[in-house]
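Undergrad: Below is a structure I'd like to ask you about.
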Amino acid sequence: MSTPTPPYHFHRMKRRYQWLRGMEVLLWSLAGGLLTYVVLKLFPIPIWLPRVSGVLVICTIAIDFSRRIHLYRIRDNDLAVYLNRHYPLLQESADLLLIDDEELSSLQQLQKIKTIQRFENLYPEIKLPHYIGRAAGVFALCILLGVALTALTRKNQITEPTSGVSAQQANIDKKKLPVSIRSATILIAPPSYTGIAKTTSSDFNLQIPEGSLVEWKISFSTNVIEPQIILSAKDTLEIPQNLGDYKIMRSFNTSGFYQLTWMNPDSSIQSTDYFKIEIIKDQAPSIVVQNLGQFLELDVNDNPNIHLNATLTDDYGLQQTSIVATVSKGSGEAIKFREEKLTFDKPKNIAGKEIQATRLIDLTKMGIQPGDELYFYIEVQDTKTPSPNRSRTDTYFIALKDTSTVETSFDAGLGVDLMPEYFRSQRQIIIDSEKLLKEKKTLAKKIFNERSNSLAHDQKILRLRYGEFLGEEFESSIGPQSVIEDHESDDQDIEKKFGHAHDTENEHNLIEEKKHAHDQKESDQARKQDPSKEYVHAHDSDEEATFLTQSIRAKLKAAITIMWDAELYLRLYQPEKSLPFQYKALKLLKEISQDSRIYVHRTGFDPPPLKEEKRLTANLSEIQTSTITVHSKKSEEYSAIRAAVLEIEKILKEDSIMISADASSTFKKAGHELAAIELIQPGGYLETLSLLKKLSTGEIKNVKTRDALLQIRKSLWQVLPQKTMSPQAPTGVTHALDLEFLKNLEASKQNH
Amino acid sequence: MSFDPVLPLWLIILIGISLTLLFLWQENKKTHRFKGLRMVSVLIMIAAFTLILLKPLHQKEKSSNIILLTKGYSKKQVDSVLLNKVDFSLMHLKNVPPYNNSTPLLSNDLNQRSNEIQTVIGEGIPICDLDKMDNKHFEFVSNTLPEGIVELSIPKLTIANRKNTINGKFNNSQETIRLYLSGPGGKEDSLTLKGKGQHNFKLTFLPKQSGEFIYTLGVQDSVDRYQEDLPIHVSEEQKLKILFLQHYPSFETQTLKSFLARKHHSMVLRHQVSKNDFRYEYINHEPLSLTKITVEVLDDMDLVISDSESLSVLSPLEKQNLENAIQSGLGLLNLSYQAGKSLTNFFPFQTISTKNDTAAIRLHSKSFNFPISKSRVIENSLLIPIQKNKSGVLSGYTFAGAGKIGFQSLQETYTISLAGDSISYSELWTPLIERISRSVAQSSKIKIVPSFPYYEDEPIDLEVISLSESISIKADDVSIPLKEDMLIDNVWRGRTWAGKKGWHKFETSDGSTLHYYVSDTSNWKSLALANQLMENALANSYGKTAKSEIIKVWEPVPPLAFYLLFLFAAAFLWLAPKL
């Protein structure tokens, strides 16, 4: 193969140069075009303008740049000039390489030969001028800039309906339209207080905020007569014509469904499928108090300033909030209440969807003294019109302790003291323990231990009494039980012997104690069967005892656990170690008594005054036999749906599916019942309603009828409520032999 | 010796003679060696050919006993049986492929030859054919149980609004299989069976209304999935007539009354206001004179709910009436009882005092605690408990003549109803009330003898117990003749043939009905086969052992010898010229 001649090299260099500089032009023009497009998009101008401008800028830069660098007018001579200028080794003879030998003199030819050699050596190192790196850098920068600016692109671009996208946004998708409807637009205007702009729906099924105004604008492809909209199978509204289209507006506060129906010129009635209207309810505001427990008890020395932090949120906006505080002073029948309405310190104005509100409650300024209590709750209102939603929190209790009064718990308003009779004895045990400790030095060790033990016994009895509330049975001790007769009286003797005399004034109001004692007299048979029975309690689950609520149960359990510890140290003759546990137990018991307190309005039945002259005379002359007769109506719930289910069963068992006129009528009635249910539980049965409608009008063809029936049957079955079971009269035939058998059986029983 | 010619005898002889003459003449013409032998060969060849056409038979002595091959028989099993019973005749049923020269046995001949059938191999004689046989005493060498549902128990009485259970057995040949029960509302219950072999299964469903429904019992394994149509007839709820005799109204009885009233039961309540003054309530019942508890009043009632206080103040005549009514079928439910001598007839239970005064029970997957009477009834063989826990029987009943006397120890059960848990409340009271109540006396009862499934054109045997002397029955408006049992009075039997696929009904002349479903032949194959196997296995107990007799049978002479003779003769004729 012959070696390439210099002209060939020149061609190659020319091409390479054109390619490099062409790329450079492209990068510059793209950078310019991109920048133009992105910048113009920041402005509210038609969407086509930035695009067109960008293309124009690209073309302009490309053309202008190409012209400047003579991209398409590069000649071999220009290259030769460049080479002569930049490569002195060629001795300004590069142009000789382009001239044929016939046109050169001998000296020129000689020079040419030398130049060729040098050129061949130099060729791999020849660098052509270009700035492609710079162009690429600028292009990259423009891309980054474009991305950054795109993030700031405003959303309020004016969009014009183009053939594809905008038509879908403004009108219902043509594919979703029934055959006779050429176009349909649904405009939804939510209430102004929601702050939501008007929108159009792309679907006949609507999901709209509560109270929204919906406008349908429908254009039919044929001349229709009396188009109507039927709302939830109840209300029928005629759609009036307006400049060729049919328009109707209606606002909605409850979910439902609707259907469009019209009469064709041939008097046939046509209707669309069922479409649902789902209402997004305006939720009531929510209030979360962050830093305060529901019950707060303060000592006299505690800080009387309470910081109240609350987060108020609403789905559309809040407008008003207040703190309703009630101060209660005094106790018993002298109790007095004073109500105040407070506002939050921050923020001053209540507006927006989420507010962090704070308030400093100064108990001193409110006049709360030791023994008084403050109850408050937060109330908030949202911006809903006409009737705003209101929410309030639970009542928070702040009590200022009064240590000067004796702790008693008494449920006002109830005639019965429900507290167990030993409730007050924990304090007695504490007092006696403290007294014992004081007298420790003066007492003999034996006596000290005895008294400590008796206190421990009292503590145990107290613990067991409280344990009754948790469903535990009375236990005397662990292990096999010896038969103890008259168990109760023994207990009482022990109490009298070791226990404390306590208040007995209220005993007549006390409820009857529930004595839970083991059945000590277990049968031998039972003991043999289950030897562990002596060691476990065969009683019902304490978890299921429902005397007290869960939080109080937890506290009571904790108190009982602490009482165990208190008893332990008393048994170990260490009352000083027992006292902290006793204090803790007392505190928990007080908390429990506080928790169980509620305030209710005083209600009562005032019976008519008794006629003393008629009392206890045993005169029954006015008492007569009375008769009440009641006939409960046996109306089957969902009778049409039940009939439809049975009809479907009848149809399905046949090999060929045929919907008779009677069946169609049954399905229609079932559809009405189902429509009523759909109103109560929206969205669940719309598809079934649609299928029922199609079945009754014969729109579903043979092949799909079975599937439709199966689906309808399933849906209708799910509608039917599950009733509780009812006792059945058992059936049977009593044969003469049966009677004879029974007679003989009775006779043999009696003989035995 | 006898013949079974393929063609008419004269034709065979004519052909034979013609061919003999022809071949003899041809051989005679030839000048090859062994002429004599060639002639003899011709004669042997033609004779062999003629015998092939004549198919000679020879007589053989055999036992009259039959080994009957039925569908699905295993050849190995047949061979092993034949080893011990060589001289038995081998026969096969229609549509069963023959084996080892077995001869067909038509179903019409089954009865005639039932005495001779000694062994049956395979899936057994179809039940409808088995029924035709007077003597069914044979040894049955059965196939293994088919894969699928091999036992099924559908509840006889399915009532709306309560859980009903289907029990069965599935023969699994795969590792894991899933059974599901689907109803009109979709899937009702499902379970997974793991491991090969037979597994018991239980599926529950809750029908929401009465009527005839086709549920589907589906089987899904790793490869395949199939469904069977399960017909369920859901009966209407029957109403009770209940009499409350109370000293005074209480929350408990009022709540119970309200619960029963919501279910449209008929009730009469009597509360005693003073010695001779009462307060009456009639719910879904016409007013009646209830000053005295008479036989007429009690005969109209299904259940009396009372307490010991009310019962103790009844006059001796009223007590006697009540006792007689219970013996005749009335139910008595004691809500609170105090054991006393005068009430032994109304509370025939032994009690023991306990200190426990609360009881915990589980209802509808929830736990409840109720106060309970301190006297606890002692469990014995006569007591049928309905509710019990670790501490003893909480409610139950015992039989007293045709009636029942029951008790309920739990108190303050109205709290569940007040809490809104009507399901648990009904679950607590419904079993007790309905089991103690008087049985609704039907004058006749229909029973279908063969097990489900029933197929078109197959016989269905009926058994009717009727108190009427002249009972008649119709199957879908077609009268069926009945025959009374010779030994047991009032028991009638009849037979009909199942109609086309779908629901059908038997109805007696006095109004008793029984609904049944005729399945498609493609359904329940495994169950039908399992039933057939079981019936054939049970057949061993019917009839007497087949007597063995020696019979002579004609058997064909094996034609192989004739073929070989023909071959050798023809070969010699061909070879002879070359020798």
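Undergrad: When the residues of segment B:435-470 are filtered to those that are facing another protein chain (nearest Cβ under 7 Å) and open to solvent by less than 30 Å² (accessible area, probe 1.4 Å), which remaining residue is nearest to A:Gln728 (Cα to Cα)?
TA: Residue satisfying both the conditions and the ranking: B:Ser437.
Undergrad: Residues in segment B:344-357: is at least one more than 24 Å from A:Phe741 (Cβ to Cβ), facing chain A (nearest Cβ under 10 Å), β-branched (Val, Ile, Thr) and open to solvent by 80 Å² or more (accessible area, probe 1.4 Å)?
TA: Taking every residue of segment B:344-357 in turn, at least one turns out to be more than 24 Å from A:Phe741 (Cβ to Cβ), facing chain A (nearest Cβ under 10 Å), β-branched (Val, Ile, Thr) and open to solvent by 80 Å² or more (accessible area, probe 1.4 Å).
Undergrad: Return the residue satisfying two criteria in turn: it lies in segment B:288-300 and is out of contact with any helix residue (DSSP H, G or I) (no Cβ under 8 Å at 6 or more places or on another chain) and at pLDDT 90 or above, and of such residues it is nearest to B:Ser437 (Cα to Cα).
TA: Restricting to residues being out of contact with any helix residue (DSSP H, G or I) (no Cβ under 8 Å at 6 or more places or on another chain) and at pLDDT 90 or above, the top hit is B:Asp300.
Undergrad: Oh, and also: Which of the helices (runs of 4 or more DSSP H) contained wholly in segment A:1-96 include at least 1 residues that are in contact (Cβ under 8 Å) with a residue 60 or more places away in the chain and of a type in the set (Val, Ile, Thr)?
TA: Values: elements: A:6-41, A:48-68, A:76-86.
Here the list reads A:6-41.
Undergrad: Do any strands (runs of 3 or more DSSP E) entirely within segment A:304-380 hold 3 or more residues that are among the hydrophobic types (A, V, I, L, M, F, W, C), and if so, which?
TA: Details: elements: A:305-313, A:318-329, A:336-342, A:354-362.
The strands (runs of 3 or more DSSP E) meeting that bar are A:305-313, A:318-329, A:354-362.
Undergrad: Any chance segment B:231-254 includes a residue that's of a type in the set (Asp, Glu), in a loop (DSSP other than H, G, I, E, B) and buried (at least 18 other Cβ atoms within 10 Å of the Cβ)? Break it down into steps so the answer makes sense when it comes.
TA: Within segment B:231-254, the subset of a type in the set (Asp, Glu) is B:236-237, B:252.
Restricting the remaining residues to those that are in a loop (DSSP other than H, G, I, E, B) gives B:236-237.
Next cut, buried (at least 18 other Cβ atoms within 10 Å of the Cβ) only: B:237.
Yes; the residues of segment B:231-254 include at least one that is of a type in the set (Asp, Glu), in a loop (DSSP other than H, G, I, E, B) and buried (at least 18 other Cβ atoms within 10 Å of the Cβ).
Undergrad: Continuing with this model, one more query. Identify all residues within segment B:368-382 that are among the polar types (S, T, N, Q) and open to solvent by 60 Å² or more (accessible area, probe 1.4 Å); write none if there are none. Walk me through how you get there before you give the answer.
TA: The first filter runs over segment B:368-382 and keeps only residues among the polar types (S, T, N, Q), leaving B:369, B:373, B:375, B:380-381.
Scanning segment B:368-382 gives B:Asn380, B:Ser381.
Undergrad: Would you mind listing the strands (runs of 3 or more DSSP E) fully within segment B:478-545 where at least 2 residues are closer than 30 Å to B:Arg225 by Cα? If you could, list the steps in order and put the result at the bottom.
TA: Values: elements: B:478-480, B:482-484, B:491-497, B:502-508, B:513-519.
Strands (runs of 3 or more DSSP E) meeting the threshold: B:502-508, B:513-519.
Undergrad: Something else: Can you name the condition, by its number, that B:Ser190 falls short on among (1) farther than 19 Å from B:Leu157 by Cβ; (2) among the small types (Gly, Ala, Ser); (3) in contact (Cβ under 8 Å) with a residue 24 or more places away in the chain?
TA: Failed condition: (3).
Undergrad: Considering segment B:275-306 alone, what residues qualify as being open to solvent by 10 Å² or more (accessible area, probe 1.4 Å), more than 14 Å from chain A (Cβ to nearest Cβ) and more than 43 Å from the chain's Cα centre (by Cα)?
TA: Once the filter is applied, which keeps residues that are open to solvent by 10 Å² or more (accessible area, probe 1.4 Å), more than 14 Å from chain A (Cβ to nearest Cβ) and more than 43 Å from the chain's Cα centre (by Cα), segment B:275-306 yields only B:Thr294.
Undergrad: I'd like to verify a number: residues in segment B:231-241 that are touching a His at 6+ places or on another chain (Cβ under 6 Å) and at the interface with chain A (Cβ under 10 Å from one of its Cβ atoms), how many?
TA: Applying the first criterion (touching a His at 6+ places or on another chain (Cβ under 6 Å)) to segment B:231-241 yields B:233, B:239-240.
Then drop every residue that is not at the interface with chain A (Cβ under 10 Å from one of its Cβ atoms), which leaves B:239-240.
Number satisfying all stated conditions: 2.
Undergrad: So B:Gln209 passes all but one of these: (1) open to solvent by less than 20 Å² (accessible area, probe 1.4 Å); (2) under 30 Å from B:Leu410 (Cβ atoms). Which condition number does it fail?
TA: (2)
Undergrad: Could you check segment A:256-267 and list, in sequence order, the residues that are over 14 Å from A:Asp235 (Cβ atoms) and either of a type in the set (D, E, K, R) or surrounded by 14 or more Cβ atoms within 10 Å (Cβ to Cβ) (or both)?
TA: Scanning segment A:256-267 gives A:Trp262, A:Met263, A:Asn264, A:Asp266.
Undergrad: List every residue pair whose Cβ atoms lie under 9 Å apart, where the two residues are 6 or more positions apart in sequence or sit on different chains, the first residue falls within segment A:432-445 and is under 18 Å from A:Glu567 (Cβ atoms), and the second residue, located anywhere, is among the aromatic types (Phe, Trp, Tyr).
TA: From residues that are under 18 Å from A:Glu567 (Cβ atoms), the pairs are A:Leu436/A:Phe448.
Here is a yes/no grid of residues against (1) without any contact (Cβ under 8 Å) to a residue 24 or more places away in the chain; (2) within 30 Å of B:Lys156 (Cα to Cα); (3) aliphatic (A, V, I, L, M); (4) outside the structural domain of A:Phe257 (by TED's automatic domain parsing):
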{"position": "A:Thr688", "(1), (2), (3), (4)": "no, no, no, yes"}
{"position": "A:Lys694", "(1), (2), (3), (4)": "yes, no, no, yes"}
{"position": "A:Glu699", "(1), (2), (3), (4)": "yes, no, no, yes"}
{"position": "A:Asn702", "(1), (2), (3), (4)": "no, no, no, yes"}
{"position": "A:Asp707", "(1), (2), (3), (4)": "yes, no, no, yes"}
{"position": "A:Lys714", "(1), (2), (3), (4)": "yes, yes, no, yes"}
{"position": "A:Asn744", "(1), (2), (3), (4)": "yes, yes, no, yes"}
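Undergrad: Mind checking whether some residue in segment B:462-479 is in contact (Cβ under 8 Å) with a residue 40 or more places away in the chain, over 21 Å from the mean Cα position of the chain (by Cα) and at negative phi?
TA: From segment B:462-479, those in contact (Cβ under 8 Å) with a residue 40 or more places away in the chain are B:462, B:464, B:466, B:468; that's our starting set.
Within this subset, residues satisfying the condition of being over 21 Å from the mean Cα position of the chain (by Cα) are B:466, B:468.
Still in the running and at negative phi: B:466, B:468.
Yes, because at least one residue in segment B:462-479 is in contact (Cβ under 8 Å) with a residue 40 or more places away in the chain, over 21 Å from the mean Cα position of the chain (by Cα) and at negative phi.
Undergrad: Looking at segment B:364-405, which of the residues that are more than 38 Å from the chain's Cα centre (by Cα) and more than 12 Å from chain A (Cβ to nearest Cβ) is farthest from A:Ala747 (Cα to Cα)?
TA: Selected residue: B:Ser373.
Undergrad: Just a yes or no: is a residue in segment B:380-393 hydroxyl-bearing (Ser, Thr, Tyr), touching a Pro at 6+ places or on another chain (Cβ under 7 Å) and assigned to a loop (DSSP other than H, G, I, E, B)?
TA: From segment B:380-393, those hydroxyl-bearing (Ser, Thr, Tyr) are B:381, B:391; that's our starting set.
Then drop every residue that is not touching a Pro at 6+ places or on another chain (Cβ under 7 Å), which leaves none.
Looking for residues that are hydroxyl-bearing (Ser, Thr, Tyr), touching a Pro at 6+ places or on another chain (Cβ under 7 Å) and assigned to a loop (DSSP other than H, G, I, E, B), one finds none in segment B:380-393, hence no.
Undergrad: Name the one entry in A:Glu636, A:Glu591, A:Glu543 that is loosely packed, with under 11 Cβ neighbours inside 10 Å and either within 14 Å of chain B (Cβ to nearest Cβ) or modelled with pLDDT of 75 or more (or both).
TA: Working: A:Glu591 fails: loosely packed, with under 11 Cβ neighbours inside 10 Å; A:Glu543 fails: loosely packed, with under 11 Cβ neighbours inside 10 Å.
Checking each option against the conditions leaves just A:Glu636.
Undergrad: Same structure again: Would you confirm, using the coordinates I've provided, whether A:Gln270 is open to solvent by 50 Å² or more (accessible area, probe 1.4 Å), assigned by TED's automatic domain parsing to the domain that holds A:Val224 and outside any loop (DSSP other than H, G, I, E, B)? Show your work before the answer.
TA: Working: open to solvent by 50 Å² or more (accessible area, probe 1.4 Å): yes; assigned by TED's automatic domain parsing to the domain that holds A:Val224: yes; outside any loop (DSSP other than H, G, I, E, B): yes.
So A:Gln270 fits the description; yes.
Undergrad: Can you give me the ranges of the helices (runs of 4 or more DSSP H) entirely in segment A:656-752 with at least 3 residues that are open to solvent by 80 Å² or more (accessible area, probe 1.4 Å)?
TA: Helices (runs of 4 or more DSSP H) meeting the threshold: A:661-680, A:702-719, A:736-751.
Undergrad: Continuing with the same structure: If you take the residues of segment B:174-186 that are in a strand (DSSP E or B) and more than 15 Å from B:Arg225 (Cα to Cα), which of them is nearest to the chain's Cα centre (by Cα)? Don't jump to the end; show me each part of the working.
TA: We begin by selecting, within segment B:174-186, every residue in a strand (DSSP E or B); these are B:176-183, B:186.
Checking the rest, the ones that are also more than 15 Å from B:Arg225 (Cα to Cα) come to B:183, B:186.
Details: B:Gly183: 22, B:Gly186: 27 Å.
The selected residue is B:Gly183.
Undergrad: While we're here: Go through segment B:124-171 and give me each residue that's modelled with pLDDT under 85, of a type in the set (Lys, Arg) and closer than 21 Å to B:Tyr517 by Cβ.
TA: B:Lys156
Undergrad: From (1) more than 12 Å from every other protein chain (Cβ to nearest Cβ); (2) touching a His at 6+ places or on another chain (Cβ under 6 Å); (3) open to solvent by less than 40 Å² (accessible area, probe 1.4 Å), pick out the condition that doesn't hold for B:Ser424.
TA: B:Ser424 satisfies every listed condition except (1).
The values are calculated or read from the model by the stated rules, or taken from the named source; none is laboratory data. These numbers were taken from a predicted model, which means no experiment stands behind them. All Cβ positions, glycine included, derive from the backbone under ideal geometry; neighbour counts span all protein chains shown. The area values use the complete protein model at the heavy-atom level, side chains included, leaving out ligands, DNA and RNA. Shrake-Rupley method; radii C 1.70, N 1.55, O 1.52, S 1.80 Å.
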